[in-house]
Amino acid sequence: MSRPSDLVQGTLDLLLLKILALEPLNGWAISQRLKQVSGDVLQVSDGSLYPALHKLEQEGWITAEWKASENNRRAKFYSLTRLGRRQLQKEAANWARLSDAITQVVQIEKV
Amino acid sequence: MRMEHWFYTLPLRLRSLFRRPRAEQDLNEELQYHLEQKIEEYVAQGLTRDEARQAALRAMDGIERRKEECRDVRRVNAVENALRDIRYSCRVLLKSPGFTAVAVLTLALGIGASTAIFSVVDAVLLRPLPYPNPQQIALVWEQSSRHHRMSVADPNFEDFRNQNNTFANLAEYAYWTSSISGGSEPARVDIAEVTSGFFDALGMKPFRGRAFAPEEQRFHGAPAAMVSYRYWQRYLNARSDLSNFHLTIDGSVYPVIGVMPEQFDFPPGVAAWIPREISPGTERTAHNWRVIGRVRDGVTVAQARADLGLIARRIRAQYGNKVDLSDAAVLTLADALVGDVRTALLTLLGAVGLLMLVACTNVAGLLLARTSARRKELAVRAALGAGRLRLIQQFLAESFSLALAGGVLGVLLAAWAVRVLPAILPSNLPRQQGLAVNAPVLLFALAAIVALAVSLGLFAAWRAGRADLQEALTSGARGNTGSGSSERFRGLLVIGEIATTLVILIGAGLLGRSFLQLISTSPGFRPQNLITMEFALPIPKGQWVMEQTAMLRQLHLLEDMLSRIRAIPGVETLGLAGAIPVAAGDDLAEGDFVILNGQKAPTNYDEFGRMARNRFQSGHAEYCTAGEQYFRTIGLPLIRGRMFGEQDDWNSPHVAVISEALARERWPHQDPIGQMIDFGNMDGNLKPLTIVGIVGDVRARGLDLPPPAIIYVDYRQRGMNPNSAPTILVRSAAPAGEIITAARGIFHDLAPDVPVKFSTFAEEMSGWLADRRFLLLLVGLFAAAALSLAAIGIYGVVAFSVTRRTQEIGIRIALGADRAHVLRMVVGEGARLALAGVAIGIAASLIITRLLSSLLFGISATDPITFLGVAALLSLVALIASYIPARRAMGLDPNTALRYE
């Protein structure tokens, strides 16, 4: 499964969970929201979004439902499950730890 | 957590599996939506619709690849692959219908036969008895110092009951065949007398009515009878109001107070139970009672046995020679019920297991041949990157399809067999009513299917895995003929198959020869054209000693019956006896008698007992009442002395005739004629008997046992007492049915209340032989099936090798090899396999058939004639099986053979 090279392994899951924690969205809306909130820094290719979403669905973290979209067409809306919420907390904590550690390493000035 | 996970994901998995098109459609639609939104975006940015579409597709980075990635995360690929494999294997199997049919039928035979036999084993041996906590129910016997089990005497039972601390319940019972009237018609059925605690020991309550009340369960208590469900259905019209039913059993009247539930069947087949309590003052050697009990919770049967054994030794220490017991025997009810048939059933299971092995080997051989032929296909698959596991999976799918098809057919076969079996099952096989294809039986079949599928699949994969890819791909046209190594391996399989077949055949042969020995054993008389009429004379209950008036009345009735039956046209001779030999063997009364040697006859049973304990003036024999005509009718010769005569009546000295066996055994160097004996313990009459004659031996206890010592007494002197089952034997060449119809009328005239069982001696004998015949029939069938499978196996190997060697044989013939030589060469190949198989099979049989010894009669478990005969038969079949392909090889035209590819 290909992943965007500029995303650390596993962070796409975190981003998706976080976005869906705010409100249920369809795939297209998710990709728009990603761009919007990260100010175009985090580029997730359209192609890799769906396998990632399907994987989260198969893990039982998000669940999908067909609903009318904003332009009144049938679209698949994803929302977070209870399991997903727990997973989000875990991954967010992980991320915090990891980014702290990396920040510290990067800020070392002399050995 | 786990649960919650499945709560969300299970529906998805199921959807991906079973609603795959739907899942695909959703996927398409979802991506399509995204694509269209993207296109709209691009159009809004000013691209043309076509350009926008191109750009959107590019942004997707290969839409089909993405779809595949989405499919990959569904995690059902393994299952999908398996389903695909099974579909594929079904297609492959259907492409070679011949192979598939043979393999499926072979497996169906193996699975069907073993499932059917397992259903019998399950019903008889494995299923728990239909009583609460059946493992706590035990039967108890007195045990002699020579480890003989004996029924229990009242005083010993009382000690067992009062002194033990391992049994929650202990009860006495006894049963016998008698007649009941008072139902819709009189019936000749089994009746049991039981002491209090009997039903509690089995843990069952009546299904209608009430249990025995305390006032009925004491010595000389109020009469009451409990009836079986079947009796209630058949003779009491299944009425729920029992108050009007009064049964007459052995001359006494009992009100019916309850009906036992349908599954209650102990002692097996009993129709009515009446209460009985211990009579005071009985001797400690009166072994008249069977004992059943329920051990307390947490107590094992072994502990119970140790406990009763202690009591038995205490009794022994206290009473010394006045008792026969020196220990107690305790067996669980289940073990006691199946006792004798266990070996026979396990033999059957063993035979069917071997048959299954032969079937499995045969299919393995077929698979091997196919694998060789399919090497190229497999090599291509492997070269294209199919992993080893993936290939194994493919083989498993194939063997699973085969085993499943065979299994379904086999279970159908077993279901049919279970409906047919009761007709041939021996009637003495306990608990056969429960025979059914039920959950445990289906589980067994399923286990067999899975075991076969896995072993065959792994076997084929293992053999295929050994093939060299390179060689397989490059070996050109010859790729389909198989390598020498796989052919050698098939040879090994066939050797194993022949060896296994030989074991079954030898088992069947030994059983068959035993059976032949048995039916050709002379019972000591002419059993042909004998009609038997067994009836029950009303003997007043509690009248052990017959008074002269009662006896004269009885004699009068008997004489009437005999003279009227004698007058039926076609009757040649007829006689009366108190038991029929062979068939009724186990019912014969037996006991110790006293040789008077000039002493005065004992006047009471204490004295009799004292005298009988002196080994030098006592003996042991069976007791049989008979009339003079009886000997002539069944054809027992008088060896010496005289028969009963007119002069022998109630007032004259009582006489006895003894069997040769007794004369040989007890008076080896003396003349028994003229000896005075007392056998009063048998019929309650202490008047001594004078031995006046010696008659030929009869195998009274069964053809497989030596003729016992018998003392015959004259029924006109001793009466038909409770130790006799009066039977009229008629010898007639006329059709049995006509005589029986006429006799039935006579019985109806003279004694309408007396139930009679009409039969022929041949029928009684065949009933006695039924279980042996059943075992022989089934083992014989299995042996025949195994033999044909082995023949197919040998044929397959030899024919295959002939095909492979067509060119070689062609060259040999072209170079001038004569055809007889070719024939010898090919047949020799089969013969070598057969020889190796037979040698191994004989070695294995020498060990295995020892397990059969208890089922054999008249031959040893290593009977050389059987071994040689079976080995010869199997070799002959092997030769014929290889002769067919050999003839083809012999007839090869060298011209075509050389071009054969």
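The values are calculated or read from the model by the stated rules, or taken from the named source; none is laboratory data. This is a predicted model, so every value here is computed, not measured. In this analysis, Cβ positions are derived from the backbone assuming ideal geometry, glycine residues included, and neighbour counts consider all displayed protein chains.
Within the stretch B:96-134, how many residues turn out to be within 30 Å of B:Asn169 (Cβ to Cβ) and not in a helix (DSSP H, G or I)?
7
Check B:Leu83, B:Leu35, B:Leu93, B:Leu47 and return the single one that is in a loop (DSSP other than H, G, I, E, B) and more than 8 Å from every other protein chain (Cβ to nearest Cβ).
Unique residue meeting the criteria: B:Leu47.
Yes or no, residue by residue, for (1) surrounded by fewer than 18 Cβ atoms within 10 Å (Cβ to Cβ); (2) within 30 Å of B:Ala461 (Cβ to Cβ):
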residue: B:Thr9; (1), (2): no, no
residue: B:Arg15; (1), (2): yes, no
residue: B:Val43; (1), (2): yes, no
residue: B:Glu51; (1), (2): yes, no
residue: B:Asp61; (1), (2): yes, no
residue: B:Asp85; (1), (2): no, yes
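Out of the stretch B:199-238, which residues are within 21 Å of B:Val189 (Cβ to Cβ), within 31 Å of the chain's Cα centre (by Cα) and among the basic types (Lys, Arg)?
Within the stretch B:199-238, B:Arg230, B:Arg234 qualify.
Quick grid of which residues meet (1) assigned to a loop (DSSP other than H, G, I, E, B); (2) surrounded by 14 or more Cβ atoms within 10 Å (Cβ to Cβ); (3) in contact (Cβ under 8 Å) with a residue 40 or more places away in the chain; (4) out of contact with any helix residue (DSSP H, G or I) (no Cβ under 9 Å at 6 or more places or on another chain):
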residue: B:Val798; (1), (2), (3), (4): no, yes, yes, no
residue: B:Ser801; (1), (2), (3), (4): no, yes, yes, no
residue: B:Ile813; (1), (2), (3), (4): no, yes, yes, no
residue: B:Arg824; (1), (2), (3), (4): no, yes, no, no
residue: B:Gly830; (1), (2), (3), (4): no, yes, yes, no
residue: B:Gly837; (1), (2), (3), (4): no, yes, yes, no
residue: B:Phe857; (1), (2), (3), (4): yes, yes, yes, no
residue: B:Tyr883; (1), (2), (3), (4): no, yes, yes, no
residue: B:Ala886; (1), (2), (3), (4): no, yes, yes, no
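Could you list, in sequence order, the residues of the stretch A:36-78 that are of a type in the set (Ser, Thr, Tyr), in contact with a strand residue (DSSP E or B) (Cβ under 8 Å, 6 or more places away or on another chain) and within 8 Å of another protein chain (Cβ to nearest Cβ)?
A:Thr63, A:Ser69
Can you tell me which residue within the stretch B:421-436, out of those that are over 21 Å from B:Glu262 (Cβ atoms) and surrounded by 15 or more Cβ atoms within 10 Å (Cβ to Cβ), is farthest from the chain's Cα centre (by Cα)?
The selected residue is B:Leu421.
So that you can scan it fast, the table gives a plain yes or no per residue for (1) more than 31 Å from the chain's Cα centre (by Cα); (2) free of Cβ contacts under 8 Å to residues at least 60 places away in the same chain; (3) not in a helix (DSSP H, G or I):
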| site | (1), (2), (3) |
| --- | --- |
| B:Glu277 | yes, no, yes |
| B:Arg294 | no, no, yes |
| B:Val299 | no, no, yes |
| B:Ile311 | yes, no, no |
| B:Gly320 | yes, yes, no |
| B:Val358 | no, no, no |
| B:Gly365 | yes, no, no |
| B:Ser372 | yes, no, no |
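Cβ-Cβ distance below 6 Å, separation of 6 or more or different chains: which pairs start in the stretch A:82-99 with a residue that is within 14 Å of chain B (Cβ to nearest Cβ) and end on one that is surrounded by 14 or more Cβ atoms within 10 Å (Cβ to Cβ)?
Pairs that qualify, where the first residue is within 14 Å of chain B (Cβ to nearest Cβ) and the partner is surrounded by 14 or more Cβ atoms within 10 Å (Cβ to Cβ), are A:Leu83/A:Gly60; A:Leu83/A:Trp61; A:Gly84/A:Leu17; A:Gly84/A:Trp61; A:Gly84/A:Ile62; A:Gln87/A:Trp61.
State whether one or more residues within the stretch B:70-78 are surrounded by 14 or more Cβ atoms within 10 Å (Cβ to Cβ), more than 60 Å from the chain's Cα centre (by Cα), within 14 Å of another protein chain (Cβ to nearest Cβ) and assigned to a helix (DSSP H, G or I).
There is no residue in the stretch B:70-78 that is surrounded by 14 or more Cβ atoms within 10 Å (Cβ to Cβ), more than 60 Å from the chain's Cα centre (by Cα), within 14 Å of another protein chain (Cβ to nearest Cβ) and assigned to a helix (DSSP H, G or I).
Here are B:Glu665, B:Glu646, B:Glu607: which of them is in a helix (DSSP H, G or I), among the acidic types (Asp, Glu) and without any contact (Cβ under 8 Å) to a residue 24 or more places away in the chain?
Just one listed residue meets the conditions, B:Glu607.
Residues in the stretch B:239-262 that are modelled with pLDDT of 85 or more and either under 31 Å from the mean Cα position of the chain (by Cα) or in a strand (DSSP E or B) (or both): how many?
Of the residues in the stretch B:239-262, 13 are modelled with pLDDT of 85 or more and either under 31 Å from the mean Cα position of the chain (by Cα) or in a strand (DSSP E or B) (or both).
What pairs come up if the first residue lies in the stretch B:729-745 and is under 13 Å from B:Val756 (Cα atoms), the second is crowded, with 18+ Cβ neighbours inside 10 Å and among the aromatic types (Phe, Trp, Tyr), and their beta carbons are under 9 Å apart, counting only those six or more places apart or on different chains?
Within 9 Å, the pairs are B:Leu729/B:Tyr630; B:Leu729/B:Phe761; B:Ile740/B:Phe758; B:Ala743/B:Phe758; B:Arg744/B:Phe758.
Restrict the check to the stretch B:60-67 and report whether at least one residue is more than 9 Å from chain A (Cβ to nearest Cβ) and either over 16 Å from A:Gln58 (Cβ atoms) or more than 58 Å from the chain's Cα centre (by Cα) (or both).
Yes, some residue in the stretch B:60-67 is more than 9 Å from chain A (Cβ to nearest Cβ) and either over 16 Å from A:Gln58 (Cβ atoms) or more than 58 Å from the chain's Cα centre (by Cα) (or both).
Looking for whichever is modelled with pLDDT of 85 or more and closer than 29 Å to B:Val341 by Cβ here; the options are B:Ile847, B:Ile884, B:Ile840. Which one fits?
Going through B:Ile847, B:Ile884, B:Ile840 in turn, just one is modelled with pLDDT of 85 or more and closer than 29 Å to B:Val341 by Cβ: B:Ile847.
Would you pick out the residues in the stretch B:409-432 that are in a helix (DSSP H, G or I) and in contact (Cβ under 8 Å) with a residue 60 or more places away in the chain?
B:Leu409, B:Gly410, B:Val411, B:Leu412, B:Leu413, B:Ala414, B:Ala417, B:Val418, B:Leu421, B:Ile424, B:Gln432
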